[in-house]
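Have a look at the structure below before the remarks.
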């Protein structure tokens, strides 16, 4: 490449050779502007490139914006044209109403024991997806722990002081209205959340929604009575223990169910009478597990975001 | 009742990886977490090897019912020679990468967060296995999200400002991709009414016969292909790679570049064959579009790499070029092209993971400075890393006897079967090989040139040396005994359709 | 056009999807970027929910022992939406944690500023 031009002009040749040597040594990239490189030029050359880069930043920004607007608008238009062609809304003859739905509805009650067909579908027919979903939640909370739990990378004296001030403020602050209302309403929230979790297979709701309600109750409790109070019964250790053991139970139960199902073995899990609270095989325990994981996770997010610890 | 152990292997592998990920928070010490992780990967690797031997001997693939309900009602896994080969490669490469880079991991990740790092690695491995084995597009979506979050979490594991900026960039682009993929899936469900790959394919055949929903179908193909190519960093969407690989610890860069990007491509190949069928893809001209982007990626990736003075960024751009190769192979639109692409997936996984780990060793002996000019003589200080880097570079350039050479030959051969694209393929292959040589050879010369000061040999880390030797052997094995691998890929790809 | 009016839920969903997509690409403020992402996800859920609905039928929870397909809407999209929501909650939590860490180290939420600061840091 560069060697071909070696014997054209002695001066230029020398220059090219220097560049080539510099490039071989990894001191200079090959495609930078064609300049002879001496030690000093190299530096100014670099800053010049950077300056150029900064000058064109605005232009590049503009091009990027215009391009993205064009892309987004064309996506919208394309999708609208697609929607025009799709099966009509609310029709009972569209392709999605097929044998799959038929079996879910007609035999769902008998095969899964769940009155709530959606619960039966996500926790029994398509349970692998739901297991993956719980794993996503677990992974997300672990990532938030990596990021937010205080360590030597994200700690600063300023922040420590802020948190200390906050705690001081919490102690002094006697927000009587909030405390009174919270004292009355938090048990109700817990009760409702537990009701939603336990009735997941009978009525709308289930582990995720119920868990989110319980988690919201915990957050309210923490806001009203202070973080320290929650810490008396809910620390990082309890948080890990509860969520990990629930997820392990989930994993083991579903593993057993998949294993027996796939190998056509007899499963020892009774289905119960549909409609009763103790029915529908694994769905109730799974809902409880998911509920506990979600409750811990929601509170965990709150605590990690505000205090950097649980 | 008789239990067929072989058929349970995909399920066991995924659940074992998940299980070890879930149990790791109980292990407070990072060292023990690492042992659990490597034991798990070993077991999965051995199981995949058993599965592999079995399916190649019978020459058949099978589906595995996840639960009590058969095909269109429950979830399903699918395994055949293709899946088993990929699972073995992924286990071997991830194990060697983590073993080779373990000192860097323990240096870079804070000691109280090392066990969390291994949770993420375990779940990432589980999700990659699930993407390889899944036979259901929605399961694919869920595990794509696990893959995304886990890979971002690995990028940020150093916990410094720079790595978090890289992570957020990586996250945003990945999320764009998964959003498009999800939209495509919803539309696909709407016109076919199924989520399981074989059932969707049957519905699509019916739609093709009746001629209904042609336009929505094209949009679906577009969205799914676009989403997955954004996630696998096809050329114009590659901007997140250099920062992320620069900021992450060497093993993580190796895993991300060698495996994570590939897992999306494997899912794409499975979707091409098991959902859309390759003929329909070909008739929709999707292959031509992929071909063009692949060719652009091959050239542009190398051109960007030439401009880099930092070694990890250079390797990142080289990955962009290699992803371009793979998409070019898919874009040829023939079985031969796809087989060449699959072989390149293997070759690149083995080579790039090694390159990133040994770069970690080389940077380590050059006062932690990663500009190529600071690495003069690094190979003399860490001999095994230098040899590994040289092998990797030669393989990437495409020197005979190395893995990279075989895939390039196969790309060239494959192009003979697609007349319109032959000239373009051959010319770009030649250009890209020259460009590869132009950026790899100088760095090899730089690390082997004698420094002015006295050479101090760094102590040899046994795990690092072991992993590098294994990688070198693997590279030669793929480069010399490629025939059986190609035959198995032919068998596997044939069984997919 | 009439078809578009019949499918107005889907039409609204895809417009929202586009808006979310645009936000994700164009907003410089990281929080707004992730709000855009959430709009995008929600649009997909609206789309799925609309696709599951069948006129005149009720939610798929068995009442009075009626087990007839003609009586209930399609339960599959509801299940997909449930799974999708959890995924999007997780992704949002993770990305907001990242944003908070970035704010701590750089003192701004502007993506461009953060990028240029990070680049300068790297060059030094």
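Only the coordinates and a few stated rules stand behind these numbers; no lab work does. Computed from a predicted structure; not experimentally measured. All Cβ positions, even for glycine, are placed from backbone atoms using ideal geometry, and neighbour counts span all protein chains on display.
The label point for residue C:63 and the one for residue C:49, both projected 7 Å from the Cα toward the Cβ, are 1.9 nm apart.
Restricting to Cα pairs below 8 Å that are 6+ residues apart, what does the relative contact order work out to for chain C? Please round to a whole percent. Once normalised by length, the contact order is 24 percent. The ranking of A:179, B:158, B:352 from fewest to most other beta carbons within 10 Å of each one's beta carbon is A:179, B:158, B:352. The base-10 log of I(q)/I(0) for segment A:52-186, evaluated at q = 0.09, 0.12, 0.20, 0.22 Å⁻¹, reads -0.84, -1.04, -1.17, -1.21 [Debye formula, identical scatterers on Cα atoms, solvent excluded].
Remind me, what semi-axes does segment B:454-497 give for its equivalent ellipsoid, largest first in whole Å, using sqrt of 5 times each Cα gyration tensor eigenvalue?
On the way: eigenvalues 283, 23, 10 Å².
The equivalent ellipsoid of segment B:454-497 has semi-axes of 38, 11, 7 Å.
Within the listed set C:48, C:67, C:82, the Gaussian network model of chain C (springs between alpha-carbon atoms below 10 Å) gives the highest mean-square fluctuation for C:67.
Estimate the FRET efficiency between residue B:371 and residue C:3 by the formula 1/(1 + (r/R0)^6), using the beta-carbon distance for r and 60 Å for R0, to the nearest 0.05. List each step's numbers first, then the result.
Numbers: r = 60 Å, r/R0 = 1.00.
It comes out at approximately 0.50.
Please report the spacing between the Cα centers of segment A:266-290 and segment B:287-335 in Å, no decimals. So the separation of the two Cα centres works out to 52 Å. Inter-part distance, segment A:171-220 to segment C:47-68, computed on C-alpha centroids, equals 29 Å.
Between residue B:463 and residue A:91, the modelled labels are 6.0 nm apart [label points 7 Å from Cα along Cα→Cβ]. Other protein chain C-beta atoms within 10 Å of residue C-beta, averaged over B:191-203: 3.
What the Cβ-Cβ distance of residue A:71 and residue A:266 gives, at R0 = 56 Å and to the nearest 0.05, is a FRET efficiency of 0.50. The listed peptides B:318-329, A:217-228, B:187-198, ordered by packing as a protection proxy, come out as B:318-329, B:187-198, A:217-228 (highest mean of other Cβ atoms within 10 Å first). Note: segment B:180-257, Cα convex hull, 107 Å³ per residue. Derived value for segment B:317-364: Kirkwood hydrodynamic radius 11.5 Å. Basis is the mean of 1/r over every pair of different alpha-carbon atoms. Once the Cβ-Cβ distance of residue A:172 and residue A:195 is raised to the sixth power relative to R0 = 45 Å, the FRET efficiency obtained is 0.75.
Return the tail of the calculated pair distribution for chain B, meaning the percent of Cα-Cα pairs more than 34 Å apart.
It works out to 31 percent of all Cα pairs.
Once the Cα gyration tensor of segment A:114-307 is diagonalised, what are the square roots of 5 times its eigenvalues, in whole Å and ordered largest first, as equivalent ellipsoid semi-axes? In descending order the semi-axes read 37, 21, 11 Å. Ranked by the mean number of other Cβ atoms within 10 Å of their residues, highest first, the peptides A:270-276, B:6-12, B:221-227 fall in the order B:221-227, B:6-12, A:270-276. Computed on segment B:338-497, the Cα convex hull volume stands at 114 Å³ per residue. For the residues of B:141-152, the average number of beta carbons from a partner chain within 10 Å of their own beta carbon is 6. Taken residue by residue and averaged, Cβ atoms of other chains lying within 10 Å of the Cβ of C:16-25 number 6. Counting only alpha carbon atoms, the long axis of helix B:137-155 and the longest principal axis of chain B meet at about 10°.
Here the ratio of the Cα radius of gyration of the protein assembly as shown to 2.2 N^0.38 Å is 0.95. By the compact-protein rule of thumb, 2.2 N^0.38 Å, the alpha-carbon radius of gyration of chain C corresponds to a ratio of 1.50.
With contacts taken as Cα pairs under 8 Å at a separation of at least 6 residues, chain B carries a relative contact order of 15 percent.
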